[in-house]
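Undergrad: Just passing along the structure, written as structure tokens.
Bear in mind that the values in this text are calculations on the coordinates, not laboratory data. It should be emphasised that the depicted structure is a prediction, and the values quoted were computed from it without experimental measurement. Here the Cβ positions follow ideal geometry from the backbone for every residue, glycine too, while neighbour counts run over all protein chains shown.
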Amino acid sequence: MKKDEKQTLKKSPKVILGLLFVAVFLLGWLLGKQDSVFNNFGFTPRLIGKGSNAQDVDFSSFWKAWDLLEKNFDGQLDYQKMVEGAIRGMTESLGDPYTSFLSKDEAKELENDLSGSISGIGAEVGIKNNKLIIISPLDDSPAKKAGIIAGDEIVYIGDEATTNMSVSEAVSKIRGEAGTIVKLKIKRNNEIKDFEITREQFNVKSVKAEIKNNDIGYINISRFDENTASDLRDVLKGYKEKNIKKIILDLRDNPGGYLDQSIEVTSEFLEKGVVVSEGKDSAFTKKHDFKATGNGLATSDDIKLVILINQGSASASEIVAGALKDHNRAILIGEKSYGKGSVQQLENLPGGAKMRITIAHWYTPKGKNIGKEGIAPDIEVKLTEDDYNNNRDPQLERALQQLK
């Protein structure tokens, strides 16, 4: 998942009223240009401009625009793309950046990201001193096998210079179908090297862990995919065997993921109580509480917990941090979180496309609106660009100090 996609997704299906009927209607009209009744969706549109005198919904401008394109456009019409464009425009008109249309390819990419399955070269990249840098090649990845090392500067991807290229742009260009080749020009010690790397399909774990200072467990969760809670439990089992009683949970730059995984991750540290409440902003009294499962491995008070957050911590990571803060289970260190407190439901459309629809908003156990307030750290520690460029991490150092 791209880091700028701040989201929490619900995996269970839910009936959505009032939006999907338009998408289905457009598809049906293309097949026969006939009026349709959508009683199954809980709403029957009355159409103006297509043989109806009703006054509820006026589609006349849409029909007119479509007919004008059919009659006058000097070029090849791709009707499927026209339909997708209409749906995309419909979602964009709502003014909610998280309600969106995903084409078949975009939907597939999202599914792959959240399953941990990625096709590419297997290297983490970032920007340092305004340069695109290899942060770390993954073990047994195509990048590592080709000889890519941490600190390499990517100066060209194919024939395109990386000057002013964002991380997300670079990632989208480096990724690709397994078996295809990506060409990179790498600068290392002022020498330019050319690499041709064959992309592979591989799984990337969202949980990384190590032991620092011999007695502090450090766990980094990069996203909440379908394996996150299971992988976390494996780490905690190892810590229990080694009698690790101090844990740092690093949620910095974690853009979110699946709701159920955030509940399960929180439950590993919280024995009981509300984790998060889902409610409508217009009617918060109609809410649903998600509670801890009660079978966590690190819920004991003698296990000390510090959580690292920053402006890139969003949605699912804010749910975890907010719950453990409100229940006084953890100390939060770093910077205020992103503040993305809405839940999106993924709905399937014909042909493999999907709609991502905001259906509710999140509130912490103490009733704070995550989207409006974000999650504030208990101890604020900033990480500057100079710190990052020089491999300093004052936030992590403060967490280690807190657990001494």
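Undergrad: Provide the FRET efficiency to the nearest 0.05 for the I379-N214 pair, computing r from the beta carbons and using R0 = 25 Å.
TA: For I379 and N214, the calculated efficiency is 0.60.
Undergrad: Let me ask something else about it. Once the Cα gyration tensor of the range 329-404 is found, what semi-axes does its equivalent ellipsoid get, as square roots of 5 times the eigenvalues, in whole Å, sorted largest first?
TA: 34, 19, 11
Undergrad: Can I ask one more? To the nearest 20 Debye, how big is the dipole of the range 119-203 about its Cα centre, given +1 on the beta carbon of each Lys and Arg and -1 on that of each Asp and Glu?
TA: Charge dipole, the range 119-203, about its Cα centre: 160 debye, nearest 20.
Undergrad: I've got another one for you. Can you give the Rg/Rh ratio of the range 119-203, where Rg is from the C-alpha atoms and Rh is the Kirkwood radius?
TA: Taking Rg over the Kirkwood Rh, I get 0.92.
Undergrad: Within the range 119-203, how many Lys pairs sit with Cα atoms under 14 Å apart, leaving out pairs fewer than 8 places apart on the same chain?
TA: 7
Undergrad: How do S103, S166 rank when sorted from fewest to most other Cβ atoms within 10 Å of their own Cβ?
TA: S166, S103
Undergrad: Using only the Cα atoms of the range 227-327, what do you get for the radius of gyration and for Dmax, in Å?
TA: 13.9, 49
Undergrad: If I take every Cα pair under 8 Å that is 6 or more residues apart in the range 119-203, average their sequence separation and divide by the length, what percent do I get for the relative contact order?
TA: Across the range 119-203, relative contact order equals 32 percent.
Undergrad: Still on this structure: Based on the Cβ-Cβ distance of Y388 and K81, what FRET efficiency does E = 1/(1 + (r/R0)^6) give at R0 = 45 Å, to the nearest 0.05?
TA: 0.65
Undergrad: A further question follows. So for each of 342-355, 200-213 I average, over its residues, the number of other beta carbons within 10 Å; can you give me the resulting order with the highest mean first?
TA: By packing density, highest mean first, the sequence is 342-355, 200-213.
Undergrad: For the range 316-404, what is the number of Lys pairs with C-alpha distance below 25 angstrom, counting only pairs 8 or more positions apart or on separate chains?
TA: Lysine pairs meeting the criterion: 20.
Undergrad: Can you put E111, E124 in order of Cβ neighbours within 10 angstrom, beginning with the fewest?
TA: E111, E124
Undergrad: Sticking with this one: Using only the alpha-carbon atoms of the range 45-183, report the extent along each of the three principal axes, biggest first, to the nearest angstrom.
TA: 69, 33, 32
Undergrad: Of the options V306, L249, G296, report the single residue whose Cα projects farthest towards the positive end of the charge dipole of the range 244-311 (beta-carbon charges: Lys, Arg +1; Asp, Glu -1).
TA: The listed residue farthest towards the positive side: V306.
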